[in-house]
Amino acid sequence: MTSIFKEHKNQFKKILILAKTDLRKTYRGSFIGTGWALIKPSFTLFVYWFAFDIGIRQGREINGHSFFVFILPAFIAWFFMNDATILGAASIRQNSQYVKKMAFPVSTIITFSNLAKLYVHFMLTAIMYIILLLFGYYPNIYNLQFFLYCPFMFLFFLVLTWSTATMSAFSRDFQNLLNSIMTGIFWLTGIVYDTSAINIKWVQVIVYLNPFDFFVKGYRDTFIDNRWFFENPTRLCIILVEFVLLAILGMYNYKRLRKTLPDVL
């Protein structure tokens, strides 16, 4: 942890600049540019809404909300978590020019990569908030929980990337495996359905331990369901324990692999 802190010391301005550069680099060469960061999630949301609400559910409400409103906060959280996991894992390999310079603080690559995804997340959240206003979901005190869930979500997937980014740098197979796993995690996360309605006990346990589902439900509680984060203290404690374990594992993997990364890449 000390080495990671040292690498971030006095690097805040550089991290912000590199995050903006990383965002522009992702969409370089296209006419719309960074606008694709908003268009792609919007199109994905439309497809799922049309398929499930119009095609399968035929306009029926879920938990007192229209299906579109129900999935909207969930998708906003999912887009960040998915990009932070998949693209964050590829961050070191994609920025190998920095890694080959031994003096460059490698852990900051992971940070500015995830921060670039956070910029997009802020824009999508602002758009979501406007849409919810149009649907009659007006500002209230529960919305302030966004300033708890969002930073915690960023930190959670940042420490996860300490492990996945270094392991992906060593093995492209691990990156491919991660891409496949994320497809399964999407369906194990209550994005297009309510996980509390599941009656199979062992599936309930898996969902309960799923941090993706925790943040998805947290965003729903914040913006449409009006529930406090401390109303389920047991699950909150479980997620905090998972966060600590991921941080310890991430620090261990980073320390173990950091010095050999330039040779591997």
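The values are calculated or read from the model by the stated rules, or taken from the named source; none is laboratory data. Model, not experiment: these values are computed from the prediction. Here the Cβ positions follow ideal geometry from the backbone for every residue, glycine too, while neighbour counts run over all protein chains shown.
Against the conditions (1) farther than 23 Å from G184 by Cβ; (2) surrounded by 12 or more Cβ atoms within 10 Å (Cβ to Cβ); (3) at pLDDT 75 or above; (4) charged (D, E, K, R), K40 satisfies every one except (1).
Is region 126-144 home to any residue that is at negative phi and within 13 Å of the chain's Cα centre (by Cα)? Within region 126-144 (the criterion being at negative phi and within 13 Å of the chain's Cα centre (by Cα)), the answer is no, since none of the residues qualifies. Look at region 6-28: where a residue is free of Cβ contacts under 8 Å to residues at least 40 places away in the same chain and a partner is surrounded by 12 or more Cβ atoms within 10 Å (Cβ to Cβ) and among the β-branched types (V, I, T), sitting 6+ places away or on another chain with Cβ atoms under 8 Å, you get R24/T34; Y27/T34. Of all the residues in region 194-216, those that are free of Cβ contacts under 8 Å to residues at least 40 places away in the same chain, of a type outside the set (A, V, I, L, M) and surrounded by 13 or more Cβ atoms within 10 Å (Cβ to Cβ) number 6.
Scanning region 13-27 for residues that are surrounded by 13 or more Cβ atoms within 10 Å (Cβ to Cβ) and not polar (S, T, N, Q) returns K14, I15, L16, L18, A19, K20, D22, L23, K25, Y27. Within the set of pairs 6 or more residues apart or between chains, which connect a residue that is farther than 17 Å from T85 by Cα inside region 131-158 to a residue that is part of a loop (DSSP other than H, G, I, E, B) with Cβ atoms less than 6 Å apart? Close Cβ pairs (under 6 Å, with a partner that is part of a loop (DSSP other than H, G, I, E, B)) amount to Y142/N226.
For region 184-204, the set of residues classified as under 14 Å from the mean Cα position of the chain (by Cα) and either of a type in the set (S, T, N, Q) or not in a helix (DSSP H, G or I) (or both) consists of T189, I191, listed by residue number.
If I filter region 140-163 for residues that are closer than 22 Å to Q94 by Cβ, among the polar types (S, T, N, Q) and at pLDDT 90 or above, do I get at least one hit? Looking for residues that are closer than 22 Å to Q94 by Cβ, among the polar types (S, T, N, Q) and at pLDDT 90 or above, one finds at least one in region 140-163, hence yes.
Can F230 be described as in contact (Cβ under 8 Å) with a residue 24 or more places away in the chain, at negative phi, part of a helix (DSSP H, G or I) and out of contact with any strand residue (DSSP E or B) (no Cβ under 7 Å at 6 or more places or on another chain)? In short, no. Among I76, I54, which is the only one that is at pLDDT 85 or above and part of a helix (DSSP H, G or I)? None of the other options fit; the residue is I76. All of Y219, Y252 fail the test of being in a helix (DSSP H, G or I) and surrounded by fewer than 16 Cβ atoms within 10 Å (Cβ to Cβ), apart from Y252. Residue selection: F170 satisfies the criterion of being touching a residue at least 24 places away in the same chain (Cβ under 8 Å), surrounded by fewer than 18 Cβ atoms within 10 Å (Cβ to Cβ) and more than 27 Å from C150 (Cβ to Cβ).
Screening I62 against (1) modelled with pLDDT under 85; (2) out of contact with any helix residue (DSSP H, G or I) (no Cβ under 9 Å at 6 or more places or on another chain); (3) among the β-branched types (V, I, T) leaves a single unmet condition, (2).
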